[in-house]
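The values are calculated or read from the model by the stated rules, or taken from the named source; none is laboratory data. Remember, predicted model here, so these are calculated numbers, not experimental data. Please note: Cβ atoms are built from the backbone with ideal geometry, for glycine as well, and neighbour counts cover all protein chains shown. Quick note on the areas: whole protein, heavy atoms, side chains included, nothing else; ligands and nucleic acids left out. Shrake-Rupley method; radii C 1.70, N 1.55, O 1.52, S 1.80 Å.
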Amino acid sequence: MNFIQNFPFFSIILCMFSGIVSSVLPARAAKWLNTCLISVVGAMSAALLVYLMGTGESYVYWMGHFPAPWGNEIRAGVLEAGMALFFCIIMLLSIMGGRKKLVGEVEYSKHNLYYILVNLLLSSLLALVYTNDLFTAYVFVEINTIAACGLIMIRQNGRTIEAAVRYMIMSLLGSGLFLISLCMLYDLTGHLLMSNIKESVALLAAQHEYTVPLMVTIGLMCAGLAIKSALFPFHSWLPDAYGYSTVSSAAMLSSLVSKGYIFLLIKIIYRVIGFDIFTESKVINVLFLFGLFGMIVGSLSAIRENDIRRMIAFSSVAQIGYIYMGFGLGTEAGMTASIFHILSHAATKSLLFIAAIGLTDVSNGSRKFQDLTGAGYRNKIAGVAFTVGSLSMVGVPMFSGFVSKLLFAEASIGHVYKMLPAVIVLAISTILNAIYFMKTVIRIYVPERREDCEIITVKDEKEYAVTLACFIVLNIALGMFSQPIESWIHAGLAMFG
């Protein structure tokens with residue numbers, strides 16, 4: 001075995017071990033350990049991606065060098081390695097963007113605890129990306145849930161504790177449904193490894209055996225992960241969780257946590273159920289319908305908000321709807337669009353949350369729209385960054401959001417029953433996005449002289465400015481160089497099959 005093939009295992013174990021080490025480190029040391037960890041894991045993911053693109057093949061890694069059922073398996077392909085690299089980039093930038101605010105948001109004595117949770121979160125995300133075993137996936141789903149809940153409530157005010165409780169209740173409901181479906185699938189197939197389950201499911205489908213239990217299992221599995229990723233109408237926990245947690249937590253929760261669950265669902269569709277069996281089931285119609293409703297309801301809720309962070313949070317409900325709408329189309333083009341939108345949304349939503357805190361800082365800490373008047377002049381880099389993120393969300397050419405919406409429109413063309421509703425809702429959602437995002441951009445650039453507010457320049461906050469600049473470059477890169485990324489997604493999905 002080539003040494004580089006150990007990198008997925010090293011990445012997961014390093015993150016878990018760093019969480020343990022951080023528990024006995026002072027805050028400053030835990031911070032630098034976390035930064036180094038994310039950088040090292042990102043470098044390993046990049047090296048693995050280059051290696052896999054060179055070989056053109058995925059591979060299976062036996063944990064402990066024992067095959068199933070005695071050992072566990074990790075599977076790595078170009079899609080997994082690329083997603084792991086992207087998650088590391090977003091997490092590092094999210095931590096950097098909110099690091100200065102962390103001092104005022106979290107007690108200093110708990111900073112090392114904060115970085116423990118971040119390390120565990122990264123470990124669980126990487127495990128969801130790489131694992132080839134469904135029960136292992138369930139274990140890390142729970143680790144991800146606990147880490148995310150801790151990142152919400154570590155700020156310890158009334159709203160975050162309430163948000164964490166609501167998040168935990170909804171998340172445990174989703175976990176319960178996922179576990180029930182996992183038990184049913186094990187009972188039907190006798191396997192936990194994804195590849196073995198797929199063979200058994202294909203045999204059952206070919207022989208038309210246990211059709212109803214199999215469809216119920218698929219439905220429960222999709223419902224559980226949909227609840228955990230805040231698909232409408234299971235999104236009630238999301239606005240408070242994103243709106244009142246720390247800046248870095250909001251950026252990571254909105255861009256990474258839900259995407260980990262969605263990526264696991266993509267693996268299940270291709271590597272457990274089988275894409276053909278999934279598209280023949282009625283489950284995709286339910287996902288399509290909920291996705292369309294989410295696109296509209298999320299945007300309408302965002303329009304009604306008068307709090308900039310809650311507005312951005314409600315926007316995530318709409319964007320999650322886009323992804324599930326792509327799943328519901330039941331085509332490879334729809335899956336490609338959904339995966340690209342995972343990248344686009346992650347890069348844009350983190351940018352918006354981190355830019356928003358820069359605007360509120362120069363508005364006496366107020367998050368109300370009337371107090372943000374002229375904030376783009378008082379903090380120029382935050383104003384530019386928020387404008388870029390808003391243009392991307394609306395779907396203006398040159399930015400990543402435009403490519404996402406174009407891919408969704410192309411994927412829906414030619415579909416007999418779903419083309420018209422998909423295109424109509426896509427157009428309505430785009431108009432609604434423009435209403436609440438452009439309203440905010442206009443507000444922050446309405447001139448107003450406010451003597452009582454400080455003015456922040458790039459020189460004052462270099463790390464914050466560099467972070468926003470990196471997010472802007474990433475967003476434009478996704479928009480301008482989308483073709484190689486689409487090719488990477490197609491190659492990854494082909495390896496899944």
Filtered residues of region 275-289 (kept if open to solvent by less than 10 Å² (accessible area, probe 1.4 Å) and not in a helix (DSSP H, G or I)): Ser281
Top-ranked residue of region 202-245 - restricted to ones that are among the polar types (S, T, N, Q) and assigned to a loop (DSSP other than H, G, I, E, B), ranked as surrounded by the fewest Cβ atoms within 10 Å (Cβ to Cβ): Gln207
Within region 53-84, considering residues that are out of contact with any strand residue (DSSP E or B) (no Cβ under 7 Å at 6 or more places or on another chain), surrounded by 16 or more Cβ atoms within 10 Å (Cβ to Cβ) and small (Gly, Ala, Ser), the one modelled with the lowest pLDDT: Gly77
Count - residues of region 405-421 that are in contact with a Leu (Cβ under 7 Å, 6 or more places away or on another chain) and either among the aliphatic types (A, V, I, L, M) or surrounded by fewer than 12 Cβ atoms within 10 Å (Cβ to Cβ) (or both): 2
Filter result for Val50 (modelled with pLDDT of 85 or more, part of a helix (DSSP H, G or I) and surrounded by fewer than 16 Cβ atoms within 10 Å (Cβ to Cβ)): yes
Odd one out for Val60, checked against (1) in contact with a Ser or Thr (Cβ under 9 Å, 6 or more places away or on another chain); (2) part of a helix (DSSP H, G or I): (2)
Top-ranked residue of region 304-341 - restricted to ones that are more than 30 Å from Phe369 (Cα to Cα), assigned to a helix (DSSP H, G or I) and of a type in the set (S, T, N, Q), ranked as nearest to the chain's Cα centre (by Cα): Ser338
Residue in region 334-342 that is at pLDDT below 90, small (Gly, Ala, Ser) and touching a helix residue (DSSP H, G or I) at 6+ places or on another chain (Cβ under 8 Å) present: yes
Elements of type helices (runs of 4 or more DSSP H) contained in region 99-197, each with 3 or more residues being under 30 Å from Trp32 (Cβ atoms) and open to solvent by 40 Å² or more (accessible area, probe 1.4 Å): 134-153
Qualifying residue in region 324-339 (condition: open to solvent by 10 Å² or more (accessible area, probe 1.4 Å) and either touching a Lys or Arg at 6+ places or on another chain (Cβ under 9 Å) or of a type in the set (Val, Ile, Thr) (or both)): yes
Matching residues, region 274-313, being aromatic (Phe, Trp, Tyr) and under 26 Å from Leu352 (Cβ atoms): Phe290, Phe293
Residue tally, condition modelled with pLDDT of 90 or more, of a type in the set (A, V, I, L, M) and open to solvent by 10 Å² or more (accessible area, probe 1.4 Å), over region 385-402: 2
Contacts under 9 angstrom Cβ, first residue in region 143-156 being under 22 Å from Tyr108 (Cβ atoms), partner open to solvent by less than 70 Å² (accessible area, probe 1.4 Å) and among the charged types (D, E, K, R), 6 or more apart: Ile152/Asp240; Ile154/Glu105; Ile154/Lys110; Arg155/Glu105; Gln156/Lys110
Residues of region 15-47 classified as open to solvent by 20 Å² or more (accessible area, probe 1.4 Å) and in a helix (DSSP H, G or I), total: 17
Residue that is farthest from Gly150 (Cα to Cα), among those in region 4-14 that are open to solvent by 10 Å² or more (accessible area, probe 1.4 Å) and of a type outside the set (A, V, I, L, M): Gln5
